[in-house]
């Protein structure tokens, strides 16, 4: 059972069922939205960046599969309180490692959707590195 | 020809013809419920394609030598089988393409874009079309200034044919409709719709990708002008599709591809085209694909399309009942299996379709999740995605039961 359902570990289901920082932040200093047309996953990200270039508050909104929504929730927890510089330095490998689950190529896209939105909101490149 | 549906399909014996069912997926027997996307292939079809490459590979129509004649004979033989399968008047009404998509694009380009459409002319589609029967008409609209209109869909998944009272007018030049929806399964009254089109002098284009593989289709009784379908959804190889067209309509259609095979004579600066259907088959065709499709047609004819249809109605009815009895499962489309194809779309209260598909995958069950290349229809039902199980000749009631057991596991995970 454990190996069969690796993708839906406790942590993922917990963030999916009880998302952290979910909702709309207004006014937000940074905002971006992306969708994955393949499956209809949608993530909006709202950031409030303070005078010290620190992410004082963050919310995400959207709909989609457990993987996309849980990873968005986890990402908000990760970046909250971080300097913009640190948030920009967060690479996709780190995001995937934090999820800690095996993902196929298709589901990796679900997992990285919120990371792409974060990059977009911060005006950073989302090109593969 | 058509044989009585007295005996339903012998699935265990059919399954033995499909080598893929010998393998395991994630240590589980393969439960393949995605035939609306592509069907599996029987050994007969696989052997026929490899036989072509291994024994008589040569280009068709031009070679003088024996191999070339064999290849041409088999390729043209496949055209005859396809013609007979859909009751065309002549094999010359069968054009080989690479897919339903190419067939529909050929019509949009050769009859629409390069044809006699004028600004202000109207094309009438429906909300339940696959993207491949939307986008080619967008091209035509963008280049010719024609107007696109769409018949709607009821909440229960029925095509609102009453919309045609308003939609079809003297300005209508093309009416296009899917024979069977790839999401809802709805079977549309294409005979009636063709009649409506003809009353105003329009042509009717039928997307039969989800019907020809699954039920008896008679192009003469439908009376449509064009009908498109794919080989790979009907036990045949990928990369081979069919465009049926009435002879006179094909004559009036311009080719999509210029090159070898499709010409009668070429001079510097000018060329004369070959006869129908060859003028549409520029370049070396998918010979192995066509031959494989011919064998797939033999296979289906042998089973009997009435029996195939009856089998799928039975499976679909069983699936609608079993899935409908599950808590939190919502079904889309008509409740009466006799009015729909073997396609069952559903959503679950707590689990996204992608998560449903991922968990079923662990159980060796293949289903589709997403928008099924029918975004306008998904928007109509305000759904980002659905899960979809679809059936074919190698599926049985046990497959449906395995699906239901899998969905119970999904419920457990997301409880």
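What follows is calculated from the coordinates using simple rules that are stated; it is not laboratory data. This is a predicted model, so every value here is computed, not measured. Positions of Cβ are backbone-derived with ideal geometry, glycine not excepted, and every protein chain shown enters the neighbour counts.
Observations on the model:
- Relative contact order of chain A, defined on C-alpha pairs under 8 angstrom at six or more residues apart (%): 28
- FRET efficiency, residue B:162 to residue B:223 (Cβ-Cβ, R0 30 Å, nearest 0.05): 0.90
- To the nearest ten degrees, helix A:66-79 and the longest principal axis of the Cα atoms of chain A are 40 degrees apart.
- Radius of gyration and maximum dimension Dmax of region B:204-250, Cα, Å: 10.7, 30
- Ranked list, fewest to most other Cβ atoms within 10 Å of each Cβ, for B:388, B:264, A:59: B:264, A:59, B:388
- For chain B, calculated [θ]222 nm from helices alone, where every DSSP H run of n ≥ 4 adds -39500 (n - 2.57): -11000 deg cm²/dmol
- Among A:57, B:27, the order by Cβ neighbours within 10 angstrom, fewest to most, reads B:27, A:57.
- When the protein assembly as shown is reduced to its Cα atoms, the Kirkwood hydrodynamic radius in Å: 25.5
- Taking B:325, B:337, B:351 as the candidate residues, the one with maximal mean-square fluctuation in a Gaussian network model of chain B, Cα springs under 10 Å, is B:325.
- GNM on chain A, alpha-carbon springs under 10 angstrom: the most fluctuating residue among A:96, A:38, A:112 is A:38.
- Annotation: the antiparallel percentage among DSSP beta bridges lying fully within the protein assembly as shown is about 70.
- Taking 7 Å steps out from each Cα toward its Cβ at residue A:52 and residue B:199 produces label points 7.5 nm apart.
- GNM on chain B, alpha-carbon springs under 10 angstrom: the most fluctuating residue among B:330, B:26, B:141 is B:26.
- Distances between every pair of Cα atoms in region A:6-121, grouped in 10 Å steps from 0 to the bin holding the largest one, split as 15, 51, 30, 5, 0 percent.
- With Rh defined as the Kirkwood radius, the inverse of the mean 1/r over Cα pairs, the Rg/Rh of region B:284-345 is 1.20.
- Projected-area average for chain B over all orientations - Cα convex hull basis, square nanometres: 20.9
- Inter-site label distance for residue A:88 and residue A:18 at 7 Å from Cα along Cβ, in nm: 3.6
- Per-residue extension of 0.36 nm, minus the Cα-Cα distance of residue B:92 and residue B:8, leaves a gain of 26.9 nm for this segment.
- Short-range pairs are left out: with C-alpha atoms under 8 Å and at least six residues apart, the relative contact order of chain B is 23 percent.
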